[in-house]
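Structure first, then comments.
The values are calculated or read from the model by the stated rules, or taken from the named source; none is laboratory data. Here the structure is a predicted model, which means the values were calculated and not measured. Cβ placement follows ideal geometry from the backbone for every residue including glycine, while neighbour counts extend to all protein chains displayed. We work out accessible area using only protein heavy atoms, side chains counted, and drop any ligands, DNA or RNA first. Shrake-Rupley method; radii C 1.70, N 1.55, O 1.52, S 1.80 Å.
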Amino acid sequence: MTIFGNEIRAADERKACRTQKKFVRKFGDDRSTEYRLGLADNEVLTPAFSCRTIVSGAKEADFAARLPEKPVIIGNIRMGFGHYRISMAMASAAKSMGCTPLWFDLNSFPETTATKIIAYQNSMYSTASRLSQKSRLFNSLVWEPLNSEGFRKLSYNAGDQKSTELMTPLFAGIPKDTPFIATHVWPAQAAVHAGMSHVVNAVPDNWPMALHLSEGAVHTVQTHSSYWGYRTLHGFDGDKVLSPMPAADLVYTGHYIDHELVCNIEQDCARRVQRATEGSPLRFLLTIGGAGAQGDFFASIIESLLPFVRQGKACIYVNCGDYANVWRLLQKRIPALQDGGKDCAVRTHFDDWSEECAVAQRAAGATDAAAGSGIHVFCNKDIFGAVYITNLLMRAADVLVTKPSELAFYPVPKLFIRRIGGHEMWGAIHSAELGDGTLECSSPAYAASVVRLIMEDSSLLKGMCDSILEANRNGVYSGAYRAVELALAGRSV
């Protein structure tokens with residue numbers, strides 16, 4: 001077994017084969033099963049991007065006959081919010097380019113071996129991620145090294161390659177030359193194993209790891225440092241100098257950003273600068289998600305902003321994702337948020353997608369003072385709404401408060417709290433060097449001090465907006481468009 005011409009050790013190959021056999025014993029092998037695919041509308045994706053979801057259970061087998069003109073399949077899985085967010089950026093770009101995006105989540109077919117494997121591994125990842133925030137010892141000895149170095153090894157990729165051979169049955173009815181963009185490596189690997197010929201593997205983050213390799217696909221990366229790391233496969237087998245990736249397999253595209261955000265960058269930045277200079281309330285968007293990890297950071301930031309909210313100098317948007325318990329935990333930590341938070345004008349927007357969209361639209365357009373004051377809390381049981389409301393609120397926000405994950409690449413001023421996993425630190429470094437974000441805050445107290453600094457010194461926000469405008473002129477935020485172009489062009493595998 002080789003990966004880009006680099007021989008995998010026999011012991012590692014045997015281990016990969018054993019892992020595949022373990023999954024077969026645990027979850028079955030459905031590679032001889034026929035899944036009839038169809039298309040369905042989605043409450044969030046279809047109105048936003050004319051995007052339809054690929055589902056199973058169609059009465060007829062001919063999926064090709066149901067494909068729209070100029071389809072682009074967005075292959076993904078739900079593993080945190082980041083991969084869904086990249087998928088939405090790709091769908092948005094595809095729509096703007098006259099294509100019809102089709103959402104293909106391998107984790108949404110409960111009857112398949114693929115979904116069972118993904119759900120099993122996702123459960124382990126989520127449990128370890130939460131544990132890393134509770135135990136410094138586990139984080140320093142296990143989680144950080146695994147995310148920064150363990151996933152970096154070619155041997156890890158070898159295991160994934162064998163496992164994703166079991167994920168191919170869902171691809172059987174899809175025409176092999178359909179443009180396919182994967183926003184997680186497993187759909188990319190499965191598509192290649194299934195013989196798809198127009199596969200783009202949209203690599204996330206800013207820390208090169210073998211985990212993200214899918215030989216046979218065109219790999220896209222968001223930064224120049226990632227390009228060099230992947231091109232040379234540096235550190236993927238200790239200190240060994242490896243055969244490089246061929247130039248045709250790797251493309252620097254820039255950041256994967258929604259068309260709606262990119263085309264409004266100048267207007268949104270102008271409004272941010274105007275609010276900062278005129279003394280209007282500054283809007284802070286806190287994206288919590290997950291299961292409330294890093295609650296201490298968010299509680300500290302909210303507490304530091306409450307005096308400014310009461311004075312009409314700040315507004316807070318809190319997106320709790322699809323976890324209502326996150327809001328209850330914040331209320332427990334911050335007494336001022338209890339009993340309706342009357343003295344700081346708390347408004348909750350839960351599980352009503354049309355209302356959430358209306359609030360975000362009014363805030364982005366600055367037509368409603370209430371939408372840009374007080375505290376607005378969002379939560380939606382629907383995963384699509386839980387993810388996408390952050391994208392809608394970004395246009396209205398002056399500062400995005402987030403860990404340095406996929407949101408590190410978005411064209412909005414950012415305040416970074418502490419990472420979850422060593423690979424994420426490089427997103428904050430890239431953003432800080434680009435000039436559109438802060439350094440990663442190491443403690444809740446430090447994050448709160450940065451919040452106060454931004455409130456007191458308007459030049460900091462203006463400087464980040466200037467950097468965003470310069471980056472936009474240089475095409476930094478055009479990655480999603482370029483990924484779609486590559487998928488449409490295709491290649492021979």
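A few comments on the model shown:
- The residue list MET425, MET464 contains one member that is under 20 Å from the mean Cα position of the chain (by Cα), over 30 Å from ALA194 (Cα atoms) and in contact (Cβ under 8 Å) with a residue 12 or more places away in the chain, which is MET425.
- Flag for ARG271 being free of Cβ contacts under 8 Å to residues at least 40 places away in the same chain and in a helix (DSSP H, G or I): no
- Test for PHE151: is it surrounded by fewer than 20 Cβ atoms within 10 Å (Cβ to Cβ), touching a Leu at 6+ places or on another chain (Cβ under 7 Å) and either polar (S, T, N, Q) or in contact (Cβ under 8 Å) with a residue 12 or more places away in the chain (or both): yes
- The set of residues in the range 82-125 that are at pLDDT 95 or above, open to solvent by 40 Å² or more (accessible area, probe 1.4 Å) and of a type outside the set (A, V, I, L, M, F, W, C) comprises LYS95, SER96, GLY98.
- Any hit, the range 112-121, residues being out of contact with any helix residue (DSSP H, G or I) (no Cβ under 9 Å at 6 or more places or on another chain), without any contact (Cβ under 8 Å) to a residue 24 or more places away in the chain and closer than 18 Å to GLN20 by Cβ: no
- Strands (runs of 3 or more DSSP E) fully within the range 396-493 that include at least 2 residues being open to solvent by less than 10 Å² (accessible area, probe 1.4 Å): 399-402, 414-416.
- Listing of strands (runs of 3 or more DSSP E) fully contained in the range 36-80 that carry 3 or more residues being more than 15 Å from ALA172 (Cβ to Cβ) and not basic (Lys, Arg): 71-76
- Counting only strands (runs of 3 or more DSSP E) that sit completely within the range 196-252, those holding 2 or more residues that are open to solvent by 10 Å² or more (accessible area, probe 1.4 Å) correspond to 236-239, 250-252.
- Inter-residue pairs, beta-carbon under 7 Å, first closer than 18 Å to ALA369 by Cβ and in the range 303-321, second open to solvent by less than 10 Å² (accessible area, probe 1.4 Å) and part of a loop (DSSP other than H, G, I, E, B), 6+ apart: TYR317/ALA397
- Residue identified as touching a residue at least 40 places away in the same chain (Cβ under 8 Å) and in contact with a helix residue (DSSP H, G or I) (Cβ under 6 Å, 6 or more places away or on another chain) among PHE63, PHE104, PHE81, PHE138: PHE81
- Sole residue being in contact with a helix residue (DSSP H, G or I) (Cβ under 8 Å, 6 or more places away or on another chain), open to solvent by less than 30 Å² (accessible area, probe 1.4 Å) and without any contact (Cβ under 8 Å) to a residue 60 or more places away in the chain, chosen from ALA16, ALA58, ALA48: ALA58
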